[in-house]
1. Tally time: how many residues in the range 85-95 are part of a helix (DSSP H, G or I) and open to solvent by 70 Å² or more (accessible area, probe 1.4 Å)?
2. Check Glu71 against each of (1) open to solvent by less than 60 Å² (accessible area, probe 1.4 Å); (2) in a loop (DSSP other than H, G, I, E, B) and name the one condition it does not meet.
3. Looking at (1) open to solvent by less than 50 Å² (accessible area, probe 1.4 Å); (2) of a type in the set (A, V, I, L, M); (3) more than 24 Å from Leu128 (Cβ to Cβ), which one does Leu45 not meet, given that it meets all the others?
4. Pull out all pairs, ordered by first then second residue, where Cβ-Cβ is under 8 Å, the residues are six or more apart or on different chains, the first lies in the range 1-14 and is among the charged types (D, E, K, R), and the second is at pLDDT 85 or above and surrounded by fewer than 10 Cβ atoms within 10 Å (Cβ to Cβ).
Amino acid sequence: MLGGAFLTLFTYGLMWGLGRLGAGRAGRAAEVYGASFALLPPLYLLVTALALLTPEAAWRPDPAALAQAGENSRKVQQLALAGLAQTAPAALLLAVTVLGTAAQCALAFPAFAVLTGRPARAAAGTLLPLLPALAVGFIALAPLLFSR
């Protein structure tokens, strides 16, 4: 949980800095990207609700595999993560992370266009942070992705 909060703050700083670099001072990237983060809490609440509604049997590792893992906590963790990666909440989390970041950038473009008055600066303020922000999202979800 703490890692996710850190990566969210890191992503905000990344989007703010690169957005300011692209859109300039007139784009007010901190405000634009700060407002775009309001999109994420309802989406993450949807993921949380789906996770809470998912039965335990959907992600619980096979008892035989757990018995084989024995006291090896790393093996048990890998089994649990592999089971979790196959659930609907995991797929929704992946979609929310990728599409949410893309939606944030899409929402930022009209704001930058109005604030800067120049579509090229608005596009730069929008596209410059997109790939690095997606890369941070990938890093956050890498354990889930690689356990599939």
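1. First, the residues of the range 85-95 that are part of a helix (DSSP H, G or I): 85, 88-95.
Then drop every residue that is not open to solvent by 70 Å² or more (accessible area, probe 1.4 Å), which leaves none.
Number satisfying all stated conditions: 0.
2. Of the numbered conditions (1) open to solvent by less than 60 Å² (accessible area, probe 1.4 Å); (2) in a loop (DSSP other than H, G, I, E, B), the odd one out for Glu71 is (1).
3. Here Leu45 clears every test but (1).
4. Sorted first by the residue in the range 1-14, then by its partner, the list stays empty.
Okay, residues lined up against (1) of a type in the set (A, V, I, L, M, F, W, C); (2) loosely packed, with under 15 Cβ neighbours inside 10 Å:
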{"position": "Ala49", "(1), (2)": "yes, yes"}
{"position": "Ala67", "(1), (2)": "yes, yes"}
{"position": "Thr97", "(1), (2)": "no, no"}
{"position": "Ala103", "(1), (2)": "yes, no"}
{"position": "Ala108", "(1), (2)": "yes, no"}
{"position": "Ala113", "(1), (2)": "yes, no"}
{"position": "Leu127", "(1), (2)": "yes, no"}
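The values are calculated or read from the model by the stated rules, or taken from the named source; none is laboratory data. On a predicted model such as this, the values are computed, not experimentally measured, just so you know. Cβ sites come from the backbone with ideal geometry, for glycine too, and all protein chains shown count toward neighbours. In case anyone asks, the SASA skips ligands and DNA or RNA and just uses the protein heavy atoms, side chains included. Shrake-Rupley method; radii C 1.70, N 1.55, O 1.52, S 1.80 Å.
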